[in-house]
Every structure is written in structure tokens, then in C-alpha cells.
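Contents: one structure, followed by commentary.
The values are calculated or read from the model by the stated rules, or taken from the named source; none is laboratory data. Computed from a predicted model, the values in this text were never measured in an experiment. Here Cβ is always computed from backbone atoms with ideal geometry, including for glycine, and neighbour counts include all displayed protein chains.
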Amino acid sequence: MKIALLGNPGAGKSLIFNQLTGLGIEVNRYPGSSVCLECGNVCYKKEKIEIVDLPGIYSLDGSSEEELLVRKFLEQGGADVIVAIFDATKLERSLYLFTQVAEFSPRIIAVLNMIDEAEQQGLIIDVDTLSTRLGVPVLLTAASEGRDIDRILPLALGSSRVVSLEVPYDHHIEAALKSLEKTLGTPRYKNLLALQGTGEDHMLLDSAGAVAHEIELRHRMSVRQIIATNRHNLSRNIAASAVRQGDRKKTYDLDSLLTRVFPGVPILCAILFFLLLSVFVIGSWMQEIIVQTFTTYIIVPFVALELPPLLERIGFSVLVALEAGLGIAFPFIFTFYVGLSLIEDTGYMTRAAFLADRAMHRLGLHGEAIIPMVIGFGCTVPAVMSLRILKTRREKTIAAFLISMVPCSARTVVIAGIVAAFVGIAWAFSIYLIVFVLIIFTAILLSRITPGEQFGMIVEMSVLRRPQARLVLAKSWLRIKEFLFIAMPLLIIVSILLGLFQFYGLTDLFEQLLAPITVTLLGLPEYASTALLFGIFRKELAFETLAVLAGTADLGSVMTAAQLYTFAIVSVLFVPCISTIAVLYRQLGARIAILISVYSVFLGLLIGAIINMLIS
Amino acid sequence: MQPSLREDYLEAIQHFTMTNGHSPLPQDLAAVFGKPESEIRSELDDLRLSGDITIAADTAIILTKAGRSVGECVIKKHETLQFFLSEILGMDSSTASSEACTLEHSVSDETVDRLGNYLKKTRMSGDTIADRQKTAVCGYTGTICDESCTPSSLLDFNEGDELVVRCILGQSSAKRLLDLGVVPGEKVTIRRKQGKDALVLQVKGCDVALSPEIAATVSVERYS
């Protein structure tokens, strides 16, 4: 038995999904797409039930990856029962998607979630009328309070019905649908899509295109608009018959603060600053504990084993990679994810997008791009993955360049460990400043030269609500799992390679080869090139390797302040880490991945050389 | 047979013939009207007796000269009325279409002629294919938008204004806007506006943030 949850973004699907399945979630990547499908199993009355959380969508007719995925899922009858989740406060809008799902005639139950908020707004929902109009059973729930969530499964298994809701389309559309069905024998939902120019069947598209043109001539309106209007009209009609507006409780509208330029923008800056600061403080504290424990209880005993040198080298590399992965992944990225999920779950991110829209336009992007950028402060890998929300190739390309320059938490470690510790806090902030200036410069340059068109932001502002600790943790856990899945194997492989590299004494050769660059151009000691090389593997390793190679943790005693500063800025700018390059390659192709890497090497060396020249 | 039913038949047959390039069969009409074929056949018989149609050997329905002129006339009335209702009065297009279906039977030839002339005067000349493509999403043939007055977009209004959507001009942004309920005839409110930049639009009880270039594609008028 398979049940799929379907609904608009922000209708509370994930919360319901989490409450139904607990924490035992698997994330499956749908074949051929980067969209994640969350699946979970539950046992109900001794039967195994698989629950799938489909991505939140507004429509089934579009061409975004999410919409294509859900459409394919419905077409193939991917689930035995669809649980359609509505936001009770936005019933009319949710019904629009429902009218489209109904075209596929699956078995459905309807769940009106957030009934608590609807009650607060004084909305009175007549379940019986709604159930009769939709032709499927309707359940009222409030996932944030856990109210009636336990009734979803029994209802889905016991009383789901094949939905029979039919949208009364304009009679020309109906006639066209019937004639297509008769001449080509294609199902109604396919014909509807074909009339709107979507589909793969060329014969159907051709015939539908001709009819659509005819209809457009008659109506002086695109078929798409006619169909959307018909669906919205039916939705409004149903919503009007089932919902009454009672007394509305007055609540304070926080948006009057959050979405005004003042105090909205200062609040936005404060929130971001606080997020980074707390990640930094909590992260360093946790990192120290983890690294110390790991070294004392695992690495030291391992070295004490005195294995044959080659074996020891390999084993040591694996352990160092594990230590590094855990030492950076948990303290910094996990803390960051918790903070990020917290902010996301309050619904604040959409306000940030709105406020940032103007500034982002200057950078050739739009408001929605702020989300990947903020994620980039935690880790570049998920930030690149979240580029999916941008619609055009141009936007994705520009944003990818910028994201790979945003100082991620690993780079924060480098800045903190080298500059803040040995040169001074103010100098550390100056590195951030330089990086931001470079980001803006890069963006302005790219927005001039990148081909393609700009799309612009259309974002629904999510309702502000109190985040749920359980959901925040579950979300952060899912994300960190994804990170570990991508980054860990790479960390281990590269660590072994570098270990072997050192073992066979290639390091010296490498250092001599690069001496003209490191010593002459950047004014650094020879061994800095190895440290920089390790930085490609993962950024904060540049700092740790430097300490190892210098033979002391007190870097101030072996390098001048200028050298340390140059080293830090070069390693911060220089080549995104291996995991980033891999994920860039997967999301945007080899060309962009190479371009970004080359650009960052060039930029790192250029800025390093300039600083070296200025100081000496 | 009622005169309005007769006209509906002749209109449907003429429209079918024009669209498909061949005469309809009874089952085609059954599909159009959504009636059982037996009922269609008996009603077609009445039409044949009144001299509006002839029925060929393969049961194809062919309009007589008289029948065709009635059919064409009704189609013209329908189109004129529907255009008037949707484009000038701003009714939603399907309501306009079904309303036109009722009115077309009672409206006099003179009224339609005068209405047609009035529409011709106000709307941009020509209805070429290029024009159609330009305005395909909009459904807007320039009834009000000529050189002297450009339609106003969301950007021309202020925070708190209550507006009605007239049309959406942008091809690429149209889809998502339609899904969110920004359809012609929909009442919307501007909730927040950053000067000449991004704005928040309230539609169907939801707040939607739009970039200025998107907002510029939504043509609106004040709700009164």
C-alpha cells in the first residue's frame, strides 16, 4: 500500500509527513531529476504502508522539475491513495491544484490542515458540503498541534474515493477535448495539457495546437488563461459554498515591521549576522570537543599500533578525513542548518527575498537568489543544490559564481584560525569586506556578459508561524545526511591520495615546482603551496596543514602578519573545494564548473599578489 | 422546435464546418451538445423538414443556403456580443461566452450591427497573425490600449490600492501568475510596495511578492 501526500508549498505537508512516519525517513532522488522524494514506512494494522511526500507545487501544468515529477507520478498511478493536503486558510487557492489532480482520477482523501489558524481567522468550514462538492471524504487537522493527524491513515485506507470532480470548462474547450479524445483516443488530461502546448505526443500537440489557435482567436485569450480561469472559478464557487467568514480575531500584523525597508532591512541584517555569529561560536566550541575526543581515543591509539608505514599512512588518511568530516560537518554545518531551518520554518525567508529583491537586481539576480546565498554561508554544496529554485540558466550561472565565493563555514575557520588569532579581529573582518566587494564586482561583471534573460521573482509569502523544534531538527538532520553522503566519500578518497602523495615524497617536488608562485608572487614560504593544495580538498585543512608543515601551532612565530594575511585571503578565494566542484558539475555541467574553478584561482592569486605588493 | 434551439444547431453546424473543413456527422453534434445521438437525430429531422439542412448519404449534415446564412449570422452575433461583454465590460471570458449564447437569440440584427461598428471604431485595426501572437496571452486586442492611453500596470498604483486584473502581458511569467490566481477579473490588493521596486500583492487571501519586471506585466485597473 502506498500513500502520497500532495499539496501546495507551505500547506504543512512536511509536518504531517513527519508526524506520520517519525524520523525514519529515506530520501530518494527521483530518476533523472535533482528533486528529492521523501519516503517513510509505517505499520498500520499489521500492514506495511509506504508514505511518499511529493514536492509542494502550485499547479500540475507547468514545466518545473517538481511539477513534471508529480505529474509523472500521477500518470503512472504512483500511489494507491493520494492525500491532498490543503491549507484551510487558503482553501480557494488550494482547490485550484485539486481540480487539476482530479483530471487524473486517482483515489483521494482531502485533508484541510491548519484548521487552528483558520479558526483564529474566524473561518467556519462546512465539511459535509465540501465533501459532497469534492466527492471525496474531507478531514480537518491541525498538524502544529498534532490534532487529528492519527485519523489520516484510517481514512485514507478505509474511505478514499476516486475523485469525480469535473471542471466545467468553456464550451469551446470542452468541444475540443471531446473531438481530440474521439479522433486520437488520448485521455482527457493529456488533451488538456496538449491544448496548453505541453506534452510529448507530436501528433496530439499538432492537432491540439490548431484547435487552440482557433479558440484563442474566438476568445481573444490564450487557452492557458481560459483553462486557469475556469478552474479558479470552480474553486471559488466551491470555497464560497463551504466556507463562511465569522468573527475575526484581531492579530498584530508583524509584516508591518518585517517587509518595510525600515526596520525590515536592519532586522534582516541583524538576523543574518546573529545566525553567522552563533554558528561561529557554537561551532568552534563543538569542533574543539569533537576533534580532541577523536584524536585522544582514535588517532593516538591508531598511531600507537605501529603498523607498516604504507598501511599506517592510508589508515591515518582515512581517519583524518573522518575526523575532518565530523569535525566540520557537525559543529559548523549542523549548527548552521539548525539556524537556517529555524528561520525557514518561521516563514521569514520569503520576507528576506522580498527585501533583497532590489539589491539583488543590481547583481543581475532577483530576490529569490538570497536563499542559496544565505545557505552558502553554511556550506557551498547545499547552496549550489538549492540553485534549482532559480528559473533561468543565466540566473543559475551568476548565482553559482557568487555562491562559490561566499565564505562558507570552513573558510570562516581559516579566517578565524589564522587572521583573527594571529593578526587581529579587525583584519579578519577586512577579509570578509574584500570578499564581499569581489562578489559584487563579479556579479556586476557577470550580469553584463552572461547571456540569457532575467526572469524575476514570483514568491508566495509564507505565513509567519512558530517553528517546531522536532521539525527543525528533522530537517537539519536530513540536510546533514545529504551533505555527508556527498562529501564524505570524496573526503576519504582525496585524503588517501594526498597521504600517498606525501608518502612517496612528491610534496617537495610540488613545492619546488610552485615556488615561483608561492614565494615570488605571493611572498609566502615554500611549504604554503602544499597547504593551499590541501585547501582544495577542504578549506579549513589549509590552516591545519600549514600548522603541521610549519612545525608549530603558533603560526605567528614563523610567518609575518603580512604572510598570514595573504595566505588566508588566497586560500579563502582560491578554488572552491572538491565537493563544490563535484556538485557544480552535476548541477550546471562541466563548463561552468571549470570556469568557476579557473576564475577563483585567478582571482585568489591576483588578490594575493596585490596584497603582497602593497605590504612589501 | 424552438427558434433558439434551431439557431444553436445552425450555429454549431456552421462553426464545425468552418473549423474542421468538413460537414459534421450526428455524433459530432452529439459531442458538441452533450446530448444522446438519438435525440440529435430526431431534432435534425425537424431541421431538414424546415429546409435548413440536407443530410447526405453518409449522414453528413450539410447546411442549405438559408440555413448557412442563419448560422453565420448567429456566429457573428455571438462573437460580437462576447467580445463586447468580455473586453469592454470586463466580464470573465467563459461567463461572457455563455451569456452571449443566450443573448444571441434575442438580439436584433440592428443592435449587433451597431455594436459591431462601435467595436471596430474603438479597437485597433487589423487582426493579423503577428498581432495575435503579440497579444495571445493578453487576450487584449487594444480595446482601450491605443497610443493615446497605455494600460496601467501594477507599478502605477500604490500600497493599499484595490485593483482588478485586466490581463497579463508577459509570456514567461504568465504561467506561475495564473497558478497563483492572478487571472483576468480577479480582485487584488497591493499590500506593500518598495518605491518603484518589488511589491507584495494579495490575491485569493495569499501574499505574493513580485519583482518589478513581473509586476509590470500585470495590467490592472482600479476596483470600483
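Go through A:Thr295, A:Thr251 for me and flag whichever is outside any helix (DSSP H, G or I) and either in contact (Cβ under 8 Å) with a residue 24 or more places away in the chain or within 14 Å of another protein chain (Cβ to nearest Cβ) (or both).
Values: A:Thr295 fails: outside any helix (DSSP H, G or I).
Residue meeting the stated conditions: A:Thr251.
Working only within segment A:126-160, note down all residues that are assigned to a loop (DSSP other than H, G, I, E, B) and either closer than 25 Å to A:Ile49 by Cα or assigned by TED's automatic domain parsing to the domain that holds A:Pro467 (or both). Break it down stepwise before answering.
Within segment A:126-160, the subset assigned to a loop (DSSP other than H, G, I, E, B) is A:126, A:135-137, A:141, A:143-146, A:148, A:160.
Correct list: A:Gly135, A:Val136, A:Pro137, A:Thr141, A:Ala143, A:Ser144, A:Glu145, A:Gly146, A:Asp148, A:Ser160.
Look through segment A:211-239, keep the residues that are without any contact (Cβ under 8 Å) to a residue 40 or more places away in the chain and more than 9 Å from every other protein chain (Cβ to nearest Cβ), and return whichever of them is nearest to A:Leu60 (Cα to Cα).
A:Ala212
Taking the stated definitions as given, is A:Arg448 under 25 Å from A:Ile389 (Cβ atoms), assigned to a helix (DSSP H, G or I) and basic (Lys, Arg)?
Numbers: under 25 Å from A:Ile389 (Cβ atoms): yes; assigned to a helix (DSSP H, G or I): yes; basic (Lys, Arg): yes.
Yes.
Rundown of residues vs (1) basic (Lys, Arg); (2) surrounded by 15 or more Cβ atoms within 10 Å (Cβ to Cβ); (3) over 22 Å from A:Tyr169 (Cα atoms); (4) in contact with an Asp or Glu (Cβ under 6 Å, 6 or more places away or on another chain), yes/no style:
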residue: B:Glu39; (1), (2), (3), (4): no, no, yes, no
residue: B:Ser50; (1), (2), (3), (4): no, no, yes, no
residue: B:Thr54; (1), (2), (3), (4): no, no, yes, no
residue: B:Cys73; (1), (2), (3), (4): no, yes, yes, no
residue: B:Ser86; (1), (2), (3), (4): no, yes, no, no
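Would you mind stating whether A:Val413 is crowded, with 19+ Cβ neighbours inside 10 Å, in a helix (DSSP H, G or I) and touching a Ser or Thr at 6+ places or on another chain (Cβ under 6 Å)? Step through it out loud before you land on a result.
Numbers: crowded, with 19+ Cβ neighbours inside 10 Å: yes; in a helix (DSSP H, G or I): yes; touching a Ser or Thr at 6+ places or on another chain (Cβ under 6 Å): no.
No, not satisfied.
Where in segment A:319-389 are the helices (runs of 4 or more DSSP H), entirely inside, with at least 3 residues that are within 28 Å of A:Ile444 (Cβ to Cβ), assigned by TED's automatic domain parsing to the domain that holds A:Ile492 and in contact with a strand residue (DSSP E or B) (Cβ under 7 Å, 6 or more places away or on another chain)? Don't jump to the end; show me each part of the working.
Numbers: elements: A:335-346, A:348-362, A:370-378, A:380-385.
Hits in segment A:319-389: A:348-362.
What do you reckon, is A:Ala410 at pLDDT below 85 and within 18 Å of A:Phe336 (Cβ to Cβ)? Can you show your working first?
Details: at pLDDT below 85: yes; within 18 Å of A:Phe336 (Cβ to Cβ): yes.
Against the criterion (at pLDDT below 85 and within 18 Å of A:Phe336 (Cβ to Cβ)), A:Ala410 qualifies.
Looking at segment A:377-406, which of its residues are small (Gly, Ala, Ser) and modelled with pLDDT under 90? Show your work before the answer.
The first filter runs over segment A:377-406 and keeps only residues small (Gly, Ala, Ser), leaving A:378, A:383, A:386, A:399-400, A:404.
Matches in segment A:377-406: A:Gly378, A:Ala383, A:Ser386.
Looking only at residues that are surrounded by fewer than 16 Cβ atoms within 10 Å (Cβ to Cβ) and more than 21 Å from A:Gly62 (Cβ to Cβ) in segment A:185-210, which one is farthest from the other protein chains (Cβ to nearest Cβ)?
A:Met203
Just to check your reading of the model, which residue among A:Val472, A:Val437 is part of a helix (DSSP H, G or I) and surrounded by fewer than 17 Cβ atoms within 10 Å (Cβ to Cβ)?
On the way: A:Val472 fails: surrounded by fewer than 17 Cβ atoms within 10 Å (Cβ to Cβ).
Exactly one of A:Val472, A:Val437 is part of a helix (DSSP H, G or I) and surrounded by fewer than 17 Cβ atoms within 10 Å (Cβ to Cβ), namely A:Val437.
Can you run down the residue pairs with Cβ atoms below 8 Å, 6 or more apart or on separate chains, where the first is in segment A:436-452 and under 16 Å from A:Gly376 (Cα atoms) and the partner is of a type in the set (Lys, Arg)?
A:Ala443/A:Arg362
How many of the residues in segment B:1-23 are assigned to a helix (DSSP H, G or I), under 25 Å from A:Ser207 (Cα atoms) and within 12 Å of chain A (Cβ to nearest Cβ)? Give the derivation first.
Here is the first cut: in segment B:1-23, the ones assigned to a helix (DSSP H, G or I) are B:3-20.
Now narrow it down to the ones that are under 25 Å from A:Ser207 (Cα atoms): B:9-20.
Those still in the list that are within 12 Å of chain A (Cβ to nearest Cβ) too: B:11-12, B:15-16, B:18-20.
Of the residues in that region, 7 qualify.
Filter segment A:445-465 down to the residues that are under 30 Å from A:Ser341 (Cα atoms) and hydrophobic (A, V, I, L, M, F, W, C), then identify the one that is farthest from the other protein chains (Cβ to nearest Cβ).
A:Leu464
Of the conditions (1) of a type outside the set (Lys, Arg); (2) more than 14 Å from every other protein chain (Cβ to nearest Cβ); (3) under 36 Å from the mean Cα position of the chain (by Cα); (4) not in a strand (DSSP E or B), A:Val167 clears all except one; give me its number.
(2)
May I ask you to list pairs of residues, at least six apart or on different chains, whose Cβ atoms are under 6 Å apart, with the first in segment A:332-357 being within 13 Å of chain B (Cβ to nearest Cβ) and the second being in a helix (DSSP H, G or I) and of a type in the set (Ser, Thr, Tyr)?
Correct list of pairs: empty, since none qualify.
Looking for whichever is of a type outside the set (Lys, Arg) and within 10 Å of chain A (Cβ to nearest Cβ) here; the options are B:Ser98, B:Ser42. Which one fits?
After ruling out the rest, the residue left standing is B:Ser98.
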